[in-house]
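The block underneath contains the structure these notes are about, expressed in structure tokens.
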Amino acid sequence: MIRLSLSERIKMTTGSGIEFVPQIAIEEIEAMGLKRWNFSVLCHTLLSVTVDGVLGLDFFRGHKIVVDLRDGFVNIE
């Protein structure tokens, strides 16, 4: 469930320069077995990329992440 409460625009550095993007509050978000409540996200269009979004390190804070490129899995503890 997404509750949009638009606040100020936040300065964000991208690969192509600096952008000012909206920050919204997400009431609840779940990904890769983790849930966050009242989570703030930045909104920005990723051109030429087919993804629904990008999770930052703040989403995974407090967890151990193991990325095994040889065997092709990600484990989150």
(request) Please work out if Arg36 is surrounded by 10 or more Cβ atoms within 10 Å (Cβ to Cβ) and at pLDDT 90 or above. (result) yes
(message) Checking the condition assigned to a strand (DSSP E or B), out of contact with any Ser or Thr (no Cβ under 6 Å at 6 or more places or on another chain) and surrounded by fewer than 10 Cβ atoms within 10 Å (Cβ to Cβ), which residue from Val51, Val66, Val41 passes?
(response) Val66
(request) Inspect all residues belonging to segment 1-11 and state whether any of them is within 14 Å of Gly53 (Cβ to Cβ) and at pLDDT below 85. (result) yes
(request) Output the residues belonging to segment 21-33 that are assigned to a strand (DSSP E or B) and either loosely packed, with under 14 Cβ neighbours inside 10 Å or touching a residue at least 40 places away in the same chain (Cβ under 8 Å) (or both). (result) Glu27, Glu28, Glu30, Ala31
(message) Return the residues of segment 59-77 that are more than 23 Å from Glu27 (Cα to Cα) and hydrophobic (A, V, I, L, M, F, W, C); say none if nothing qualifies.
(response) Ile65, Val66, Val67, Leu69, Phe73, Val74
(request) Could you tell me whether Ile18 is in a strand (DSSP E or B) and surrounded by 10 or more Cβ atoms within 10 Å (Cβ to Cβ)? (result) no
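The values are calculated or read from the model by the stated rules, or taken from the named source; none is laboratory data. This is a predicted model, so every value here is computed, not measured. We place every Cβ from the backbone using ideal geometry, glycine too, and count neighbours over all the protein chains shown.
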